[in-house]
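Visitor: Structure provided below as structure tokens; questions to follow.
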Amino acid sequence: MFRIGQGYDVHRLVEERDLWICGVKVPHTHGLLGHSDADVAIHALCDALLGALALGDIGKHFPDSDPKYKGIDSKILLSHVMELIRNQGYSLCNCDITICAEAPKFRPYIDEMRQTLATVMDVKVDCVSVKATTTEKLGFTGRREGISAMAVALLSND
């Protein structure tokens, strides 16, 4: 049986924060604001994985009101979500992530991002797709106020 889920997340860009995307620290003048490390792409991926099995969303499992998640590395959250998926008898077939931002350019980091996510999820790297796009200077991403990410994930219980 196959199950598909989709996820979306957005975080505001601010000064004096590191920019973490897909578990990789990307050099930039701004980082993302959030309770955790604010890795918008991993958060969207977690929601896609959780949604595929109707397990709620990232806020249900890792509420920003809980101090134990303050500043947490989102790779830890993703690892926990994968444990939940496996405990339900499912495995990841593939996932596809799109990062929406005007800057910085993510192309130099895509391979490292894919490998990092594959390692955390314990899947082959060809099961993980990461892409980046701009919004042609439209909306909050176009004004460089924030970054958004979308993700889809396909699970099977082979």
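The values are calculated or read from the model by the stated rules, or taken from the named source; none is laboratory data. The model shown is predicted, which means the values in this text are computed figures rather than measured ones. Here the Cβ positions follow ideal geometry from the backbone for every residue, glycine too, while neighbour counts run over all protein chains shown.
Visitor: Is it true that V152 is part of a loop (DSSP other than H, G, I, E, B), more than 30 Å from E15 (Cβ to Cβ), modelled with pLDDT of 95 or more and touching a strand residue (DSSP E or B) at 6+ places or on another chain (Cβ under 7 Å)?
Guide: Answer is no for this residue.
Visitor: Kindly check whether there is at least one residue in segment 95-106 that is part of a helix (DSSP H, G or I) and crowded, with 16+ Cβ neighbours inside 10 Å.
Guide: No, there is no match, as no residue in segment 95-106 is part of a helix (DSSP H, G or I) and crowded, with 16+ Cβ neighbours inside 10 Å.
Visitor: Tell me, yes or no, whether segment 64-80 has at least one residue that is in contact (Cβ under 8 Å) with a residue 24 or more places away in the chain, among the small types (G, A, S), in a loop (DSSP other than H, G, I, E, B) and farther than 19 Å from M150 by Cα. So that I can check it myself, show each step before the final result.
Guide: First pass over segment 64-80, keeping only residues in contact (Cβ under 8 Å) with a residue 24 or more places away in the chain: 64, 69-75, 77-79.
Cutting the leftovers down to among the small types (G, A, S) gives us 71, 74, 79.
Add one more test, that the residue is in a loop (DSSP other than H, G, I, E, B), and what stays is 71.
If we keep only those that are farther than 19 Å from M150 by Cα too, we end up with 71.
For segment 64-80, residues in contact (Cβ under 8 Å) with a residue 24 or more places away in the chain, among the small types (G, A, S), in a loop (DSSP other than H, G, I, E, B) and farther than 19 Å from M150 by Cα: present.
Visitor: Now a separate question. Only residues that are over 17 Å from V81 (Cβ atoms) and either out of contact with any Leu (no Cβ under 7 Å at 6 or more places or on another chain) or assigned to a loop (DSSP other than H, G, I, E, B) (or both): list them for segment 140-149, please. Steps first, answer last, please.
Guide: Step one: filter segment 140-149 for residues over 17 Å from V81 (Cβ atoms), giving 140-148.
Scanning segment 140-149 gives F140, T141, G142, R143, R144, E145, S148.
Visitor: When only residues in segment 111-132 that are of a type in the set (A, V, I, L, M, F, W, C) and surrounded by fewer than 19 Cβ atoms within 10 Å (Cβ to Cβ) count, which is farthest from R86 (Cα to Cα)?
Guide: Of everything passing the filter in segment 111-132, V125 is farthest from R86 (Cα to Cα).
Visitor: Tally the residues that are surrounded by 14 or more Cβ atoms within 10 Å (Cβ to Cβ) and touching a helix residue (DSSP H, G or I) at 6+ places or on another chain (Cβ under 7 Å), restricting the search to segment 133-151.
Guide: 7
Visitor: Still on this structure, please answer the following. A54 versus (1) in a loop (DSSP other than H, G, I, E, B); (2) of a type outside the set (S, T, N, Q); (3) in contact with a Phe, Trp or Tyr (Cβ under 8 Å, 6 or more places away or on another chain): which is the lone unmet condition?
Guide: Just one mismatch for A54, condition (3).
Visitor: Taking the condition of being buried (at least 22 other Cβ atoms within 10 Å of the Cβ) and in contact (Cβ under 8 Å) with a residue 40 or more places away in the chain, how many residues in segment 24-49 meet it?
Guide: The number of residues fulfilling the criteria is 10.
Visitor: Given the residues R114, R144, which is the only one that is in contact (Cβ under 8 Å) with a residue 60 or more places away in the chain, on the phi < 0 side of the Ramachandran plot and of a type in the set (K, R)?
Guide: From the options R114, R144, the qualifying one is R114.
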